[in-house]
Amino acid sequence: MDKGKYYITTAIAYTSGKPHIGNTYEIVLADAIARYKRSQGYDVFFQTGTDEHGQKIELKAEEAGITPKEFVDQTAGTIKDIWDLMNTSYDKFIRTTDADHEAQVQKIFKKLYDQGDIYKGHYEGMYCTPCESFFTESQLVDGKCPDCGREVQPAQEEAYFFKMSKYADRLIEHINAHPEFIQPVARKNEMMNNFLLPGLQDLCVSRTTFSWGIPVDFDPKHVVYVWLDALTNYITGIGYDCDGSSTEQFNKNWPADLHLIGKDIIRFHTIYWPIFLMALDLPLPKQVFGHPWLLQGDGKMSKSKGNVLYADELVDFFGVDAVRYFVLHEMPFENDGVISWELMVERMNSDLANTLGNLVNRTVSMTNKYFGGTVTNKGTAGDQADIDADLKAVTVNASANVEKKMEDLRVSDAITEIFNLFKRCNKYIDETTPWVLAKDEATKDRLETVLWNLIESISEGAELLASFMPETSEKILNQLGNGTGTVTEKPEILFARLDLEEVLKKVEELHPAAEEEAEDENVIDIEAKPEITFEDFGKMQFQVGEIISCEEVKKSRKLLCSQVKVGSQVKQIVSGIKANYSAEEMVGKKVMVLVNLKPAKLAGVLSEGMLLCAEDAEGNLALVSPEKDMPAGAEIC
């Protein structure tokens, strides 16, 4: 049954490096949704790809000693290889260096400029290179990027700006009229309360301090802001033409039914992107879902923390479908999920090898042993009619339960429903005891009925599993005869049990250097910043300060406000160190102070400098203090 079109996209992956399993989760999640929609009869178009411009790419390429295009060609190839390894069924892999995309971005920029939505001006603010984003001082959190928490640098340059406020009220109305537009609801509340309702500032949409980007064709010293470039992939990839000659595919598929993205880029997709579309007089996407993160242990994956896991490495240990099962099943709807080697092995052994694999193995083996591999439905229940009826009810209801969960994008819950069916099948074996029935010729029809019921129910579960674990689904259905009642002569082991100690030993063998460095040298490598001159350093004034009083900043979970004596002056300094220091223990400390930092308000409190801290891999902070007792005001040079 043709239910119409369904256009689904992932965020395009940034080509700064190899994606870890947390990045890979998104493409697997999108693939599960796309496959499920196809199974329902939708004409699905599934687009993914790579985001390849920006200052960070330019710097990475320079470090590697190659051109930016060579760098992104390599990285985009790696990303595509991983997407293919995970058996994802995308229809289009777009790259923002594609010539047709670049041409459309230039047309879009010119159109928005000509109609007065974009104007030329100058920008002065704080810039986060990893996020490719500008922020005002008031938008910073503890003086750092509010999105990624990294350091920001002051930047001033000529730039083009987009008039965001022109469309803000219209966007607010749309969000209020379409409660399904931003999901989960918590993401919607965050966007409304933190960004839209306080008022939108005009957005910088071009850069001049680097060249790796799409040039503004009528002012080529400018390159298009990476987010205006990247977001438009959702329309250029399906044939949008700014001159009015869009393809049939675009007219068919737009608006998108679902943009699937990480929660960290929700602002770009639910504020910037809808406003760009309004300016282009295009419909807005029907839904944007900001999924949570997949974390390693108790923190976000980070190369500096040495806790990055990659899909290809996990597949070598567990297989593609086991990794797909894990990332989909372990990720809650709203909260972050956790991944670890230990948890992977536990799920492999309990859910996959035991609940599912052993169930199929036993069913195939008993069908071969007792009936030569072929059974029919004898319809014999005896005094176990209620047991059969319950199994059939669970089987019939599984499809409707999965459909309801998938309608709400609760993919983890949908998989749980399928495995509840498999667990019910295991219980059915325990209840009917086929090995006992086999001992008596008088109960042979009942035994055949039991095995028929098992094959029917497991097959239904396997068909439902196809969207999430496609290879496993196919293997199960093949072993069970695809509805013929004739099973394979020998059951195939779907998932082998693993020994945790052996797995961890192999992991240590794979990463000996990283572990030795962490254990023996206790060092941390951080991303290098651009070199500065001695003149740059000379502009910064560091002095020893003595904290004479300190108190918590109201309505803040992170901030302390200290009165710091520096020479004959007392400066008020706000610092995000409440997780590591109490207000009481701050008093009396001698600290290193950057005293000529431009004053700024943090959480509404004026801060007149910065206390310098060291940070370890877990994010713990330690104030930097002089080794020997020095007077307040002593210069640090």
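Any read-out appearing in this document is the output of simple, stated calculations on the displayed coordinates, not a laboratory observation. Just so it is clear, the structure is predicted and the values come from calculations on it, not from any experiment. Heads up, the Cβs are rebuilt from the backbone with ideal geometry, glycines too, and the neighbour counts pull from every protein chain shown.
Placing a pseudo-label 7 Å from each Cα along the Cα-to-Cβ vector at T376 and T208 gives an inter-label distance of 8.5 nm.
Scaled against 2.2 N^0.38 Å for its residue count N, the alpha carbon radius of gyration of region 340-479 is 1.09.
Against the compact-protein benchmark of 2.2 N^0.38 Å, the Cα-based radius of gyration of the chain scales to 1.15.
Would you mind putting 588-597, 47-56, 30-39 in packing order, based on average other-beta-carbon counts within 10 Å, highest first? Before the final figure, lay out each step's value.
On the way: 588-597: 18.1, 47-56: 24.8, 30-39: 21.9.
Descending packing order for the listed peptides: 47-56, 30-39, 588-597.
Computed from backbone phi, the HN-Hα couplings of region 556-562 come to 10, 8, 10, 9, 10, 10, 10 Hz, rounded to whole numbers (Karplus: 6.51 cos²θ - 1.76 cosθ + 1.60, θ = phi - 60°; Gly and Pro given as x). The alpha carbon centroids of region 579-637 and region 30-81 are separated by 41 Å. Karplus-derived 3J(HN,Hα) values for region 239-248, using 6.51 cos²θ - 1.76 cosθ + 1.60 with θ = phi - 60°, are x, 5, 10, 5, 7, x, 10, 5, 6, 4 Hz; glycine and proline are entered as x. Note on D100 and L295: the model spin-label points, each 7 Å out from Cα along the C-beta direction, lie 4.2 nm apart.
Once you have the Cα-Cα distance between E248 and K286, take 0.36 nm times their residue separation minus that, and quote the gain in nm to one decimal. Before the final figure, lay out each step's value.
On the way: separation 38, 0.36 × 38 = 13.68 nm, distance 1.96 nm.
That works out to 11.7 nm of additional length.
Between V185 and K598, the distance separating the two model label sites (each 7 Å from Cα on the Cα→Cβ line) works out to 4.1 nm. Taking region 211-229 and a reference point 7 angstrom along Cα→Cβ of E158, the backbone N atoms nearer than 15 Å belong to 216-224. For region 152-188, GluC sites (Glu not before Pro) are listed when DSSP marks them as loop and at most 12 other Cβ atoms sit within 10 Å of their Cβ; the list is E180. Using only alpha carbons, region 197-304 has a radius of gyration to Kirkwood radius ratio (Rg to Rh) of 1.02.
When the helix-only estimate is applied to the chain (DSSP H runs of n ≥ 4, each -39,500 (n - 2.57), divided by the residue count), what is the mean residue ellipticity at 222 nm, nearest 500 deg cm²/dmol?
Values: 23 runs with 250 residues, N = 637.
Counting only the DSSP helices, I get -12000 deg cm²/dmol.
Amide hydrogen proximity for Y7: with H placed 1.01 Å from N in the peptide plane, the residues at 5 or more positions away or on another chain lying under 5 Å are F45, D257, L258.
Restricting the calculation to alpha carbons of region 534-636 gives Rg and Dmax of 13.2, 40 angstrom.
Extension gain A634-L504, at 0.36 nm per residue separation less the Cα-Cα distance, in nm?
Details: separation 130, 0.36 × 130 = 46.80 nm, distance 5.14 nm.
Extra length available between A634 and L504 comes to 41.7 nm.
In the structure shown, do any of K263/K404; K601/K628; K188/K475; K18/K163; K37/K369; K404/K558 have a Cα-Cα gap over 30 Å, and if so which? Intermediate results must be reported in sequence, preceding the final value.
Numbers: K263/K404 23 Å; K601/K628 32 Å; K188/K475 41 Å; K18/K163 35 Å; K37/K369 39 Å; K404/K558 40 Å.
Violating the 30 Å limit, Cα to Cα: K601/K628; K188/K475; K18/K163; K37/K369; K404/K558.
Straight-distance candidates among the aspartates and glutamates for linking to K110, with alpha-carbon spacing under 18 Å and chain neighbours fewer than 8 residues away dropped: D100, E102, E158, D202, D217, D219, D229, D241, D243, D281. Dividing the Cα radius of gyration of region 55-156 by 2.2 N^0.38 Å, with N the residue count, gives 1.39.
Could you pull out the chymotrypsin sites (Phe, Trp or Tyr not before Pro) across region 184-240 that fall in loop regions by DSSP (anything but H, G, I, E, B) with no more than 11 other Cβ atoms inside 10 Å?
On the way: sites: F195, F210, W212, F218, Y225, W227, Y234, Y240; in loops: F210, W212, F218, Y225, Y240.
Of the chymotrypsin sites (Phe, Trp or Tyr not before Pro), the ones in loops of region 184-240 whose Cβ has at most 11 other Cβ atoms within 10 Å are F218.
Taken one residue at a time, the phi angles of region 567-572 give Karplus couplings (6.51, -1.76, 1.60, θ = phi - 60°) of x, 8, 9, 10, 10, 8 Hz. Gly and Pro are set to x. Over region 286-438, what is the relative contact order in whole percent, taking alpha-carbon pairs under 8 Å and six or more residues apart? With pairs under 8 Å counted, the relative contact order is 24 percent. The gain in end-to-end length when the R497 to E124 segment is fully stretched comes to 128.4 nm, 0.36 nm per residue minus the alpha carbon separation.
Put in order of Cβ neighbour count within 10 Å, fewest first, the listed residues S206, S473 become S473, S206. Between E489 and D390, the C-beta separation translates, for a Förster distance of 30 Å, into a calculated FRET efficiency of about 0.45. Note on region 536-552 and region 180-206: Cα centroid distance 35 Å, given to the nearest whole angstrom.
Remark: region 1-114 is approximated by an ellipsoid whose semi-axes, taken from the C-alpha gyration tensor as √(5λ), come to 29, 20, 10 Å, largest first.
In this structure, the amide hydrogen of Y160, modeled 1.01 Å from its nitrogen in the peptide plane, lies closer than 5 angstrom to those of G121, V205, S206, counting only residues at least 5 positions away or on a different chain.
Between F333 and S568, the FRET efficiency estimated from the beta carbon spacing at R0 = 60 angstrom works out to 0.55.
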